[in-house]
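Beneath this line is the structure, given in structure tokens, with notes to follow.
The values are calculated or read from the model by the stated rules, or taken from the named source; none is laboratory data. Bear in mind the structure is a predicted one, so any value in this text is a computation, not a measurement. So basically every Cβ, Gly included, is an ideal-geometry build from the backbone, and we count neighbours across all protein chains shown. Note: areas computed on protein heavy atoms with side chains; ligands, DNA, RNA excluded. Shrake-Rupley method; radii C 1.70, N 1.55, O 1.52, S 1.80 Å.
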Amino acid sequence: MVRTTVSKILEMFGHHVKTAVDGKGVLNQVDDSFDVIILDINMPDKDGFETMHELNELQYDIPVLFLTGAGSMDYAVKAINLGAYDFLTKPIEDLDIFNVKIRRAIEKRMYVLQERQYKAALEDDIQLKANQLEEQNKLLLTYSNSLEKATVQLMSSLQNAMEEKDYYTAGHTMRVTEYALMLATAMGLSDSEILVLRRAAQFHDIGKLVIDLSCIQKPGKLTEEEWILIRKHPSVGANIIQPLGFMEREQFIIRHHHERMDGTGYPAGLTGDQLDDLTKILIVVDSYDAMTSKRNYRKNMTRQEAVEELYRCSRSQFDPEIVEYFARSIVDFTPTEKVFTREYLDNVYLNNRK
Ligand SMILES: [Fe+2]
């Protein structure tokens with residue numbers, strides 16, 4: 001009877017009302033479309049407090065008003081602790097006050113819904129901005145990659161132009177790069193290391209671009225002055241690519257590709273422990289190609305002689321482990337050369353160990 005009366009009063013004030021006989025009925029009906037819930041405390045099965053507890057777990061954030069005949073202070077405190085919006089006692093004596101309380105609860109509900117909407121919109125906005133930022137980053141990355149690619153291509157063209165000027169070194173860069181990649185793969189280096197090595201190999205002699213090479217194209221031996229000039233090319237090369245910024249490791253390798261393990265190389269006289277594997281690889285393959293290709297001032301070595309020379313100069317000039325890797329990869333690389341059988345290399349290796 002009380003339920004029906006309260007329902008009628010609320011309808012009279014213009015509200016839409018749904019009723020339930022007990023807590024279970026409330027929990028079955030409730031959804032986000034309700035603005036206010038009015039609960040009694042003494043109900044069959046679930047009492048008002050249990051019902052409120054379960055409502056809290058559903059997280060609809062609908063204001064709950066307790067309307068009860070059990071109007072003790074204990075109950076009021078318990079209701080407030082559970083997060084109840086208000087605590088009213090039966091019978092309702094002043095209908096206007098009752099209506100004001102209901103309206104306030106509805107206003108609170110409106111406020112909660114607005115806040116929820118605002119939060120959702122804010123989250124959407126943040127997500128949108130994050131997506132836009134990610135897109136922009138991707139674009140920037142693509143842009144910088146293509147810029148990097150264009151720079152490398154431009155430098156390759158310069159390199160090729162340089163090599164065309166010098167008949168004797170033509171093909172040297174390409175072969176050195178191939179040997180370097182072959183060796184790096186055999187040594188199991190990572191893709192990023194291989195990329196650095198590849199660029200360093202591609203541009204290791206770029207310093208010769210700005211050095212007058214006419215001297216090395218004449219027949220006969222080079223003079224001391226000519227050697228001094230040629231020895232400048234690693235530093236000059238490293239300086240050429242320095243402004244590019246993204247090739248810092250390549251700069252080091254290019255600058256030091258004529259160093260020796262014993263520290264008697266140039267330009268800085270670094271020793272083996274100051275050189276990284278990539279530089280040591282370039283030193284070996286560059287020397288190997290220099291030995292096996294023709295120069296005006298000397299006859300070229302056979303591959304066999306060159307490998308023997310690499311072994312002979314292990315420790316003093318070359319890293320022994322890298323020489324070993326290289327010699328074995330050369331066997332796989334040029335399987336048709338009979339002198340490069342594995343047995344042959346084992347012998348050379350053992351002889352050098354003695
Ligand atoms: Fe060089």
task = Please give the helix 2-12 orientation as an angle from the longest Cα principal axis of the chain, in degrees from 0 to 90, rounded to the nearest 10.
result = 80 degrees
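Using only helices, what value at 222 nm comes out for the chain when you add -39,500 (n - 2.57) per DSSP H run of length 4 or more and divide by the total residues, to the nearest 500 deg cm²/dmol?
Values: 15 runs with 216 residues, N = 354.
My calculation for the chain gives -20000 deg cm²/dmol from helical runs alone.
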ask   = Points 7 angstrom from Cα along the Cβ direction at Asp273 and Lys149: gap in nanometres?
value = 4.3 nm
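Between Ile106 and Leu128, how high is the FRET efficiency from 1/(1 + (r/R0)^6) when r is the Cβ-Cβ distance and R₀ = 22 Å? Nearest 0.05. Don't jump to the answer; show the numbers that get you there.
Values: r = 33 Å, r/R0 = 1.48.
About 0.10, to the nearest 0.05.
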query = Calculated FRET efficiency, Asp45 and Ser190, Cβ-Cβ r, R0 56 Å, to nearest 0.05?
reply = 0.25
ask   = Pick from Gln117, Gln304, Gln159: which is most flexible by mean-square fluctuation in a GNM of the chain where alpha carbon atoms under 10 Å apart are linked?
value = Gln117
request  = Quick one: P(r) of the chain from all Cα-Cα pairs, 20 Å bins, percents rounded to integers, in order of increasing distance.
outcome  = 22, 28, 8, 13, 22, 6, 0
task = Please list, or write none, the lysines whose alpha carbon is within less than 30 Å of the alpha carbon of Lys119, excluding same-chain residues fewer than 8 places away.
result = Lys18, Lys101, Lys108, Lys129, Lys138
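Nothing charged except the Cβ atoms of Lys and Arg (+1) and of Asp and Glu (-1): what's the magnitude of the dipole of region 16-80 about its Cα centre? Round to the nearest 20 debye.
On the way: 4 positive and 12 negative charges, 35 e Å.
The calculated dipole for region 16-80 is roughly 160 debye.
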Overall dimensions of region 1-72 by Cα: Rg and Dmax, Å = 11.8, 32
message = Under the 0.36 nm per residue contour assumption, what length would be gained going from the current alpha-carbon distance of Tyr118 and Gln59 to full extension?
response = 19.5 nm
key: Residue range of the chain that is longest and free of GluC sites (Glu not before Pro) which are both DSSP loop and sparsely packed (at most 14 other C-beta within 10 Å)   = 94-336
query = What is the calculated FRET efficiency for Asp31 to Glu135, with r their C-beta to C-beta distance and R₀ = 35 Å, to the nearest 0.05?
reply = 0.40
inquiry  = Using Cα springs under 10 Å in a Gaussian network model of the chain, which residue among Leu282, Leu65, Leu195 shows the largest mean-square fluctuation?
reply    = Leu65
ask   = Principal axis lengths of region 40-109 from Cα atoms, whole Å, largest first?
value = 31, 26, 20
ask   = If you roll a 1.4 Å probe over the heavy atoms of the protein chains, what accessible area per residue do you get for the chain, in Å²?
value = 58 Å²
ask   = In square angstrom, rounded to the nearest 10, how much accessible surface does Val6 have for a 1.4 Å probe?
value = 20 Å²
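Run the accessible area of the chain with a 1.4 Å probe and give the carbon-and-sulfur part as a rounded percent.
Accessible surface attributable to carbon and sulfur in the chain totals 54 percent.
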message = I'd like the antiparallel share, as a percent to the nearest 5, of DSSP beta bridges with both residues in the chain.
response = 10 percent
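What per residue convex hull volume, in Å³, comes out for region 98-154 when only alpha-carbon positions are used? If you can, show how the numbers build up before the last one.
On the way: hull volume 1.5 nm³, N = 57.
It is 27 Å³ per residue.
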